[in-house]
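I have a structure here, written as structure tokens, and I will follow up with some questions on it.
The values are calculated or read from the model by the stated rules, or taken from the named source; none is laboratory data. Note that the structure is predicted; figures quoted are calculated from it, not measured. Reconstructed Cβ throughout: ideal geometry from the backbone, glycine too, with neighbour counts over all protein chains shown. Accessible surface is based on the protein model in full, side chains and every heavy atom, while ligands, DNA and RNA are left aside. Shrake-Rupley method; radii C 1.70, N 1.55, O 1.52, S 1.80 Å.
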Amino acid sequence: MTLAESLEAFVRHLEGERRASPRTVTEYGRDIADLERFARERGSDAVSDVGEVDLYLLRSWLGMLARKHAASSIARKVAAVRTWMRWLRRRGTIKTCPADQLATPKVRRGLPTLLSVDAAKEVVEAPSQDTVVGVRDHAILEVLYGSALRVSELCGLDLDAIDLPSASARVLGKGGKERMVPLGSKSVHALHRWLEVRSSVRHPKRGTQDPRALFLTVRGARVSPRGIWKVVHDYGAAGAGRADLHPHALRHTCATHMLDGGADLRAIQEMLGHASLSTTQRYTHVSMQQLMRVYDAAHPLARIKR
């Protein structure tokens with residue numbers, strides 16, 4: 001099997017059997033394709049026989065990339081190559097997996113972008129309620145902040161996934177995993193208002209609209225991640241003076257505010273759809289201010305004047 005043929009089969013595996021997210025399929029496919037180009041430029045035998053991919057070739061490729069790419073990008077490429085070669089080994093296409101010997105670079109994860117409670121309120125309430133688009137944007141921001149959804153999860157919401165009487169939503173997360181998330185009272189109210197006017201949002205010429213999508217563009221199509229990013233960016237700047245705001249920041253903010261309010265870490269993990277608790281534990285670091293407030297109020301030595 002050639003390297004290019006193995007890539008095509010691997011992409012089909014990710015899409016069909018593994019049901020990976022479109023982003024994962026795209027990024028992993030791009031990484032392996034980049035390795036194939038590198039091998040071709042080097043005149044490696046691996047181009048015509050994937051079994052010839054060895055540790056030397058992989059390290060040479062990553063070494064070249066490390067000159068221009070951040071450690072986080074290199075770590076993802078290592079993960080992509082490992083997943084690809086382990087799959088090839090399970091299929092019996094290759095006998096060994098040299099990618100297992102690659103070291104993953106250490107990635108320093110910075111603290112997430114966060115808003116205070118007051119700033120989050122200003123952003124969510126920034127859209128005008130006098131226009132259909134404003135009503136839609138208000139509902140989008142309420143659900144993003146109130147239920148801590150990923151932008152892809154919000155875009156994928158269908159009408160039948162929302163249960164307003166029970167204040168819950170059925171969300172399709174990473175890896176095709178489905179979970180239920182709660183909707184706050186303000187989210188429910190905002191969604192009620194949006195559903196009242198949703199039927200008026202149609203393609204200006206054809207008069208059509210997506211019959212399933214919860215949130216629509218002004219042309220009646222399902223909203224896109226790019227569109228949601230623009231909504232958050234614009235109202236972040238207008239409402240809280242934060243032009244750096246992005247959808248994931250509202251997810252981070254929701255989780256942190258819940259933790260500060262006393263929510264159990266396991267409950268937050270379930271709500272956010274994290275596969276590992278270690279991912280959710282990231283929010284314990286950003287809640288240090290809350291810990292210090294509790295310490296100053298409760299510990300006798302904290303109140304000693306110096």
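So, in segment 127-141, how many residues would count as being in contact with a Ser or Thr (Cβ under 9 Å, 6 or more places away or on another chain) and open to solvent by less than 20 Å² (accessible area, probe 1.4 Å)?
4
Which helices (runs of 4 or more DSSP H) sit wholly inside segment 1-99 and have at least 1 residues that are touching an Asp or Glu at 6+ places or on another chain (Cβ under 9 Å) and open to solvent by 60 Å² or more (accessible area, probe 1.4 Å)? Talk me through it step by step, then tell me what you get.
On the way: elements: 3-16, 22-42, 55-65, 71-91.
Correct list: 22-42, 71-91.
Going residue by residue through segment 153-164, is there one that turns out to be open to solvent by 20 Å² or more (accessible area, probe 1.4 Å), under 15 Å from the mean Cα position of the chain (by Cα) and either among the acidic types (Asp, Glu) or at pLDDT 90 or above (or both)? So that I can check it myself, show each step before the final result.
Residues of segment 153-164 open to solvent by 20 Å² or more (accessible area, probe 1.4 Å): 156, 158-160, 162-164.
The next check asks that each one be under 15 Å from the mean Cα position of the chain (by Cα); those that pass are 156.
From what's left, either among the acidic types (Asp, Glu) or at pLDDT 90 or above (or both): 156.
Yes; the residues of segment 153-164 include at least one that is open to solvent by 20 Å² or more (accessible area, probe 1.4 Å), under 15 Å from the mean Cα position of the chain (by Cα) and either among the acidic types (Asp, Glu) or at pLDDT 90 or above (or both).
Another one. On the basis of being farther than 24 Å from Leu14 by Cα, within 32 Å of the chain's Cα centre (by Cα) and touching a residue at least 12 places away in the same chain (Cβ under 8 Å), does Met64 make the cut?
Against the criterion (farther than 24 Å from Leu14 by Cα, within 32 Å of the chain's Cα centre (by Cα) and touching a residue at least 12 places away in the same chain (Cβ under 8 Å)), Met64 qualifies.
Report whether or not Asp137 is part of a helix (DSSP H, G or I) and under 19 Å from Leu245 (Cβ atoms).
On the way: part of a helix (DSSP H, G or I): yes; under 19 Å from Leu245 (Cβ atoms): yes.
Here the answer is yes, as Asp137 does meet what is asked.
So, one more: Which pairs do you get when a residue that is farther than 22 Å from Thr26 by Cα, found in segment 83-100, comes within reach of a residue that is open to solvent by less than 90 Å² (accessible area, probe 1.4 Å) and acidic (Asp, Glu), reach meaning Cβ atoms under 8 angstrom, with the pair 6+ apart or on two chains?
Short answer, once both residue conditions are applied: Pro98/Asp54.
Examine segment 44-51 for a residue that is hydrophobic (A, V, I, L, M, F, W, C) and within 30 Å of Ala167 (Cβ to Cβ), and state whether such a residue exists.
From segment 44-51, those hydrophobic (A, V, I, L, M, F, W, C) are 46-47, 50; that's our starting set.
Among the residues that remain, those that are also within 30 Å of Ala167 (Cβ to Cβ) are: none.
No, segment 44-51 contains no residue that is hydrophobic (A, V, I, L, M, F, W, C) and within 30 Å of Ala167 (Cβ to Cβ).
Name the residue that is modelled with the lowest pLDDT, counting only residues in segment 106-119 that are part of a loop (DSSP other than H, G, I, E, B) and exposed (fewer than 15 other Cβ atoms within 10 Å of the Cβ).
Checking each candidate, the answer is Leu111.
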